[in-house]
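Only the coordinates and a few stated rules stand behind these numbers; no lab work does. Since we're looking at a predicted model, the values are computed, not measured. For neighbour counting, all protein chains shown are included, and Cβ atoms are generated from backbone atoms with ideal geometry for every residue, glycine included.
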C-alpha cells in the first residue's frame, strides 16, 4: 500500500502524505526534515541532475520531507557566480505550507530566464520553517559546439 501511495504521489507531482515506517519514526529526528532533495529538469523526475544547459526550460528542486506536524517549506534559488549577474543574486523564492503529519513530496520550479540561463554556479537553499536545512548546488554550462 505504501508503495502505491508513493507512486501516485510521484506520478501526480503532488504534495501528499505517506505513512512513516517504524525505521523512520525511530530515526531520532526532532521536528521536520528533508529525507530527499535534488535538482532535476522535470518535476516528475527522480533522477538528480546538477549540470544544465542555458536552454533548459526550468530547474526543479524536488524534495521529500518528513513532517511531525504543520510546517512551512521554502526554497530560494540563487545565482552564486553567473555571467552577467551580480554575485549571489536571488532568482526565485517560493514556499508551501504542509498542514499534516507524515511524509510529503513536492517540487519548486525556477523557470528559464527570458534570455536563457547564464553560464555559472547556482544553488537552492531549502528551509523548514525559518531554518536552512539543505543546500543543493547546480551549474549551467555551454553546450559543446555553442559559441
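From (1) assigned to a strand (DSSP E or B); (2) touching a residue at least 60 places away in the same chain (Cβ under 8 Å), pick out the condition that doesn't hold for residue 116.
For residue 116, the failing item is (1).
For a quick check of your reading of the model, give me the residue pairs whose first member lies in the range 61-72 and is free of Cβ contacts under 8 Å to residues at least 40 places away in the same chain and on the phi < 0 side of the Ramachandran plot, whose second is surrounded by 20 or more Cβ atoms within 10 Å (Cβ to Cβ) and in a strand (DSSP E or B), with beta-carbon atoms closer than 8 Å and at least 6 apart or on different chains.
So the pair list comes out as 67/103; 67/104.
With respect to residue 130, determine if the residue is free of Cβ contacts under 8 Å to residues at least 24 places away in the same chain, out of contact with any helix residue (DSSP H, G or I) (no Cβ under 9 Å at 6 or more places or on another chain) and closer than 19 Å to residue 37 by Cβ. Steps first, please.
Numbers: free of Cβ contacts under 8 Å to residues at least 24 places away in the same chain: yes; out of contact with any helix residue (DSSP H, G or I) (no Cβ under 9 Å at 6 or more places or on another chain): yes; closer than 19 Å to residue 37 by Cβ: yes.
Spelling it out, residue 130 is indeed free of Cβ contacts under 8 Å to residues at least 24 places away in the same chain, out of contact with any helix residue (DSSP H, G or I) (no Cβ under 9 Å at 6 or more places or on another chain) and closer than 19 Å to residue 37 by Cβ.
Criterion first (part of a strand (DSSP E or B), closer than 13 Å to residue 66 by Cα and out of contact with any helix residue (DSSP H, G or I) (no Cβ under 6 Å at 6 or more places or on another chain)) does residue 107 satisfy it? Can you show your working first?
Working: part of a strand (DSSP E or B): yes; closer than 13 Å to residue 66 by Cα: no; out of contact with any helix residue (DSSP H, G or I) (no Cβ under 6 Å at 6 or more places or on another chain): yes.
In short, no.
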